[in-house]
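Inspection log for the structure reproduced underneath, given as structure tokens.
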Amino acid sequence: MVSPHRLASLCLSSLLLTLVLFASEVTSSSSSNNVTKIGNGYSLVSIEETHDGALVGLLQINKKTKIYGPDIPLLRFYAKHETDNRLRVHITDANKQRWEVPYNLIPREQPPTLTQTIGKMKKVINPIEVSEYSGSELLFSYISNPFSFSVKRKSNGETLFNSTSISSDPFSSLVFKDQYLEISTKLPKDASLYGLGENTQPHGIKLYPSDPYTLYTTDISAINLNADLYGSHPMYMDLRNNGGEASAHAVLLLNSNGMDVFYRGNSLTYKVIGGVFDFYFFSGPTPLNVVDQYTSLIGRPAPMPYWAFGFHQCRWGYHNLSVVEDVVDSYKKAQIPLDVIWNDDDHMDGHKDFTLNPNNYPRPKLLNFLNKIHNIGMKYIVIIDPGIGVNSSYGVYQRGLANDVFIKYEGEPFLAQVWPGAVNFPDFLNPKTVSWWGDEIRRFHELVPVDGLWIDMNEASNFCSGKCTIPKGKICPSGTGPGWICCLDCKNITKTRWDDPPYKINASGIQAPIGYKTIATSATHYNGVLEYDAHSIYGFSQSVATHKGLLGLEGKRPFILSRSTYVGSGKYAAHWTGDNQGTWENLRYSISTMLNFGIFGVPMVGSDICGFYPQPTEELCNRWIEVGAFYPFSRDHANYYSPRQELYQWDSVAQSARNALGIRYKILPYLYTLNYEAHVSGSPIARPLFFTFPSYTECYGLSTQFLLGSSLMISPVLEQGKTQVKALFPPGSWYSLLDWTHTITSKGGTYVTLDAPLHVVNVHLYQNTILPMQQGGLISKEARTTPFTLIVTFPAGATEGEAKGTLFIDDDERPEIKLGNGYSSFIDLYASVKQGGVKVWSEVQEGKFALDQGLIIDSISVLGLEANVGAVASLELDGKPLIGKSGLDVTTSEHVNLNGEGNGESKTVMVALRGLSIPVGKNFAMTWKMG
């Protein structure tokens with residue numbers, strides 16, 4: 001939804017102010033040599049190795065300063081190689097427990113308690129000046145005075161992180177105050193960095209020197225550039241290329257407090273307003289390795305149900321049930337696929353969570369509608385916001401009060417305003433709140449059998465700021481004006497150091513007070529935890545509670561869409577990128593944000609197709625569905641105040657939707673298999689090209705194309721009036737998914753100008769791949785029962801080659817996605833060409849489930865064969881001849897090379913076999929000799 005501080009931020013002046021303020025922060029306290037020095041560092045005064053091979057040391061302040069408050073005099077640092085490819089460095093106050101991300105939210109090893117280490121270590125004196133602590137892949141080194149550390153890759157000696165500061169550096173040595181922590185690392189100028197979100201990056205996916213990177217969960221629209229948005233992900237991936245050898249690693253600072261991160265191109269500085277330094281270093285060396293290692297710590301992405309990969313339609317402003325019914329019927333009439341219909345808060349009674357509007361969404365009629373769509377396989381999802389309306393007749397609120405579940409301010413539930421008017425916010429760090437929330441989900445599900453939940457406004461968003469009371473003698477909200485205007489009686493809160501910290505992060509891009517339009521940062525959670533510390537994990541903690549509540553309903557696989565995210569959110573929820581504009585710029589920005597979230601371990605992600613507001617042009621909506629059809633999470637969503645923009649509203653858009661979603665519904669088996677792989681290894685569904693081509697530097701900054709999995713490339717039109725697109729093709733052979741006979745081959749990589757008339761999006765499949773496809777349909781439930789086609793791609797004209805693919809099939813209603821439970825099958829697909837022969841075969845694990853579904857492979861097409869050996873002379877399936885079999889069709893088609901390169905003068909062909917009827921759940925081997 002849109003709120004006033006989002007609308008106001010449409011102004012260009014907001015962006016200019018962001019840049020001016022951020023620049024002034026860098027320079028305002030500069031010394032004569034233009035270097036801001038906040039502290040004088042620490043000295044290592046004792047160190048020892050623990051029984052489990054970790055290092056524990058004490059750091060003593062060298063010289064105190066008063067900037068941003070007093071220094072903490074004694075620190076405890078802890079370093080441990082937790083796995084072969086993961087190093088942890090943890091620095092905290094040696095004498096006092098400090099706030100850390102709760103260990104029950106992100107389970108991980110705990111460092112020794114402070115009392116365990118301090119008593120032992122006081123006896124140890126005179127540590128050596130420089131020492132090394134070696135693991136399997138990474139080497140940790142430290143210097144005693146001023147204390148600094150570095151992390152190196154053992155295989156090539158490359159320095160991945162180096163906190164050493166010298167006088168000419170534009171950053172301080174280690175600074176550790178109660179409300180200001182600073183540490184920096186040097187970087188090579190040619191390092192390519194990605195991550196540090198959530199923000200809308202106008203320069204593309206690569207981090208851009210001097211752009212502001214502020215991490216603090218905030219409800220401002222995604223149209224704001226270079227500002228802290230809905231999520232906080234203090235993690236970056238660093239990709240380097242030395243002499244053609246690429247290597248990637250990642251750095252996570254596990255800290256939920258607000259922070260600015262200054263990236264200067266050759267250095268990166270963290271300025272954090274609380275908590276501890278809890279660094280994790282992941283050695284890679286490939287981008288896929290990095291995300292695997294990262295998600296093994298923070299949690300593997302949640303398995304999504306099959307239907308979630310279908311198309312979704314939503315709008316804020318479906319005023320009554322008849323409108324929703326008409327939308328569903330109109331999609332069917334237009335022959336545009338649709339799996340899920342959504343309600344924003346229109347279904348609610350007075351905007352209150354877990355309620356139904358008795359007039360516009362009468363329960364008997366809604367149940368009849370749901371019964372109708374459920375019978376054909378469609379699903380229904382509604383929104384819930386965290387703010388619970390303060391209302392004496394509202395059962396959800398009354399039960400919440402009785403269970404004492406709300407965040408407190410000065411001993412009373414903190415009062416805010418969101419859509420229902422006055423609200424209190426549940427405290428999801430409180431176990432009682434989690435139980436109460438799960439019970440409210442259960443009660444609502446008994447009222448309305450929804451298929452998932454959409455949790456919005458959970459940064460948390462507040463239309464007011466400060467300490468508020470409900471006004472006497474007036475209705476709030478009045479019901480006549482915009483619902484987002486604050487109508488409570490409020491006073492600013494600046495009396496504590498939590499409400500007005502000494503260092504001002506660049507919140508909202510304007511250095512806004514950190515309690516602005518959210519929960520007061522001096523409010524308290526369970527066990528006295530301050531909102532100041534826990535603010536950025538609010539939406540994450542709600543995702544955890546919502547996941548638990550849904551899982552307890554019927555034992556089905558939950559689907560949750562959350563706006564606010566934090567490290568580990570992907571274990572529980574999908575994400576959409578918030579309130580975007582219907583502009584060409586926002587279409588382009590959506591790709592970078594989507595790719596970033598794959599790196600963050602949240603692979604189920606997408607943007608509002610055609611833009612949330614204002615209304616897009618017809619041409620833009622055509623082009624947006626051609627991109628959005630390939631978002632992992634594909635949903636059209638629009639604002640209450642925008643004209644209708646469902647895909648059938650324009651004939652031309654409907655045609656583009658049928659074409660692009662037609663491809664999506666054919667490749668659903670591939671997308672769903674990527675969903676399984678994401679859950680097993682963290683691998684993103686949508687990926688930057690450098691994930692597959694890490695040594696090809698030309699694609700390091702590419703933000704206008706992307707891959708699904710390792711080998712399916714989308715090259716969309718992103719500019720007004722264009723009917724061609726200049727696309728980058730990394731080295732190798734690529735085959736058009738629109739016409740399998742069209743190929744592009746290059747030895748060193750090349751740009752190719754592709755035709756892209758209005759209804760066409762270019763999709764290409766890379767060599768050495770086997771892509772399982774089905775025949776599509778209007779609902780995924782139908783589409784997934786249709787016969788399979790296997791597309792096999794070899795390098796064009798190769799006389800020897802191999803190709804691989806995988807296929808995962810399961811009962812997607814079951815909560816877990818895994819093999820061995822009797823409700824799933826996994827098929828490895830292989831192909832080879834050599835010595836004048838082609839072989840395509842499968843190796844099946846747990847085949848019974850696939851056999852029980854009656855799934856078959858109807859056709860196999862092999863692409864890139866050399867023409868003079870492409871003809872099928874003999875054909876066998878599992879050793880039995882197929883030539884002459886009734887219904888079998890064998891065709892050979894010549895490839896057209898679109899870029900003039902390729903295999904010299906020799907021609908290449910595609911051989912297609914149809915009418916095979918091979919059971920998916922059984923091993924098969926098909927061979928043919930070529931004449």
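The values are calculated or read from the model by the stated rules, or taken from the named source; none is laboratory data. Keep in mind that this is a model prediction, so the values were computed, not measured. In this analysis, Cβ positions are derived from the backbone assuming ideal geometry, glycine residues included, and neighbour counts consider all displayed protein chains. The accessibility values were calculated without ligands, DNA or RNA, using every heavy atom of the protein model including side chains. Shrake-Rupley method; radii C 1.70, N 1.55, O 1.52, S 1.80 Å.
Assorted remarks:
- Stretched out straight at 0.36 nm per residue, the stretch from K472 to Q116 would grow longer than its current Cα-Cα span by 122.6 nm.
- 0 to 90° range, to nearest 10: angle between helix 321-333 axis and the chain longest Cα axis: 30
- What the phi angles of the range 303-317 give under the Karplus curve with 6.51, -1.76 and 1.60, with θ = phi - 60°, is a coupling list of x, 9, x, 4, 4, 5, 8, x, 8, 10, 10, 9, 6, 7, x Hz, glycine and proline written as x.
- For the range 480-578, dividing the convex hull volume of the Cα atoms by the residue count gives 174 Å³ per residue.
- Here T785 and K922 are evaluated by their C-beta separation; at R0 = 25 Å the FRET efficiency comes out at 0.90.
- Overall form of the range 305-387 per C-alpha gyration tensor (a/c, 1.5; a/b vs b/c): prolate
- For the range 178-256 and the range 809-833, distance of Cα centres in Å: 36
- Compared with the dominant Cα axis of the chain, that is its longest principal axis, helix 12-27 is turned about 60°.
- Residue-normalised convex hull volume from the C-alpha trace of the chain: 168 Å³ per residue.
- Assuming charge only on the beta carbon of Lys and Arg (+1) and of Asp and Glu (-1), the dipole of the range 512-647 about its Cα centre is about 400 debye to the nearest 20.
- The charge dipole of the chain, taken about the Cα centre with unit charges on the Cβ atoms of Lys, Arg (+1) and Asp, Glu (-1), comes to about 1080 debye, rounded to the nearest 20.
- With every protein chain in place, the chain: carbon and sulfur % of accessible area (1.4 Å): 50
- Net charge of Cβ neighbours under 10 Å - reference Q313; Lys, Arg +1; Asp, Glu -1: -1
- Accessible surface area normalised per residue over the chain is 34 Å², counting heavy atoms of protein chains with a 1.4 Å rolling probe.
- The range 327-467: antiparallel DSSP beta bridges as a percent of all, rounded to 5: 55
- Taking the longest Cα principal axis of the chain as reference, the axis of helix 618-628 is set at about 90 degrees.
- Site pair I376 and I883 shows an inter-label distance of 4.8 nm when each label is modelled 7 Å from Cα along Cα→Cβ.
- Here the extension length gained between L551 and N527 equals 6.0 nm, from 0.36 nm per residue of separation less the Cα-Cα distance.
- Derived scalar couplings ³J(HN,Hα) [the range 750-758; Karplus, 6.51 cos²θ - 1.76 cosθ + 1.60; whole Hz; x for Gly, Pro]: 7, 8, 10, 8, 9, 5, 8, x, 3
- For the range 88-99, putting each phi into the Karplus relation 6.51 cos²θ - 1.76 cosθ + 1.60 with θ = phi - 60° gives couplings of 10, 10, 10, 10, 8, 4, 6, 10, 8, 5, 10, 5 Hz, in residue order, rounded to whole numbers and with x for Gly and Pro.
- Zero-based 5 Å bins, Cα pair distances in the range 405-553, whole percents: 2, 9, 17, 20, 19, 16, 11, 5, 2, 0
- Gain upon complete extension [N62, L738; 0.36 nm per residue less C-alpha separation]: 236.7 nm
- Residues whose amide H comes within less than 5 Å of that of L356, counting only those at least five positions distant or on another chain, are D349 (H built at 1.01 Å from N in the peptide plane).
- The range 239-374 - Debye-derived log10 I(q)/I(0), Cα point model, q = 0.10, 0.14, 0.22 Å⁻¹: -0.68, -0.83, -1.35
- Residue-averaged [θ]222 nm for the chain, counting only DSSP H segments that reach four residues, each worth -39500 (n - 2.57): -6000 deg cm²/dmol
- Positive-end residue of N492, I510, P716, charge dipole of the chain with Cβ unit charges: N492
- Residues of the range 767-783 with amide N under 19 Å of the 7 Å Cα→Cβ point at E843: 768-772
- Over 30 Å (Cα to Cα) - which of K372/K556; K726/K907; K804/K880; K37/K152; K96/K408; K504/K548 fall in this group: K504/K548
- Just so you know, the Cα atoms of the range 730-776 work out to an Rg and Dmax of 11.8, 35 Å.
- Scattering profile of the range 136-205 at q = 0.16, 0.21, 0.26 Å⁻¹ [log10 I(q)/I(0), Debye over alpha-carbon scatterers]: -0.77, -1.07, -1.17
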